[in-house]
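Take a look at the structure below.
Read the figures in this text as sums done on the coordinates, not as results from a lab. Because the structure is predicted, anything quoted here is derived from the model rather than measured. Heads up, the Cβs are rebuilt from the backbone with ideal geometry, glycines too, and the neighbour counts pull from every protein chain shown.
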Amino acid sequence: MAVERTLSILKPDATRRNLTGKINAKFEEKGLRIIAQRRIQLTKAQAEGFYAVHKERPFFNDLVSFMISGPVVVQVLEGENAVQANRDIMGATNPANAEAGTIRKEFAESIEANSVHGSDSLDNAKTEIAYFFKPEEIVP
Ligand code: RTP
Ligand code: MG
């Protein structure tokens, strides 16, 4: 296994309910290290750009509205096999299908307000990390 980096976002439903510490504890307990982190208010253009791969999907407009409905925390997680490790910690997109102990099972409100984003491949992780962070903001 290789040490990887992945882009994580704590979504507006998580910041609104003051859950950032509880969610970060899940990452740290499983051996992922938060090597960059910033709380921001996404602009509509930023959210549309980030989710551009989903622009033809029926949920795109709702997703963008949700992602700008409050602050988010963008972060870089580092660790062994970090991309898949983080997906496992997050759980299924729909909390109804998420396994016990996952972030989404424990905290998500709905398939849309599902508390966290995580990159789904190493290639996408590199693109998504560069979308939010300059190299000097990442401190391993
Ligand atoms: P993410 O990208 O946020 O890590 O989540 P994911 O890979 O598990 O899910 P994806 O298919 O990439 O969808 C991106 C986000 O769009 C919202 N969504 N809403 N209303 C719906 O049917 C629906 N489906 C997806 C969720 O916020 C999902 O995380
Ligand atoms: Mg996705």
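Neighbour counts of C-beta atoms inside 10 Å place ASP120, ASP62 in the sequence ASP62, ASP120, starting with the fewest. Projected onto planes of every orientation and averaged, the convex hull of the alpha-carbon atoms in the range 46-89 covers 4.1 nm². Neighbour counts of other Cβ atoms within 10 Å put LEU122, LEU63 in the fewest-to-most order LEU122, LEU63. Residue by residue, the range 111-119 carries 3J(HN,Hα) couplings of 4, 8, 7, 10, 6, 9, 10, x, 3 Hz when phi is fed to the Karplus relation 6.51 cos²θ - 1.76 cosθ + 1.60 (θ = phi - 60°); x denotes Gly or Pro.
The residues neighbouring HIS117, those whose beta-carbon lies less than 9 Å from its own, together hold a net charge of 0 under the Lys/Arg +1, Asp/Glu -1 convention.
Every pair of different Cα atoms in the chain enters the Kirkwood calculation, which places the hydrodynamic radius at 15.0 Å. Here the residues SER65, SER119, ranked from fewest to most Cβ neighbours within 10 Å of their Cβ, fall in the order SER65, SER119.
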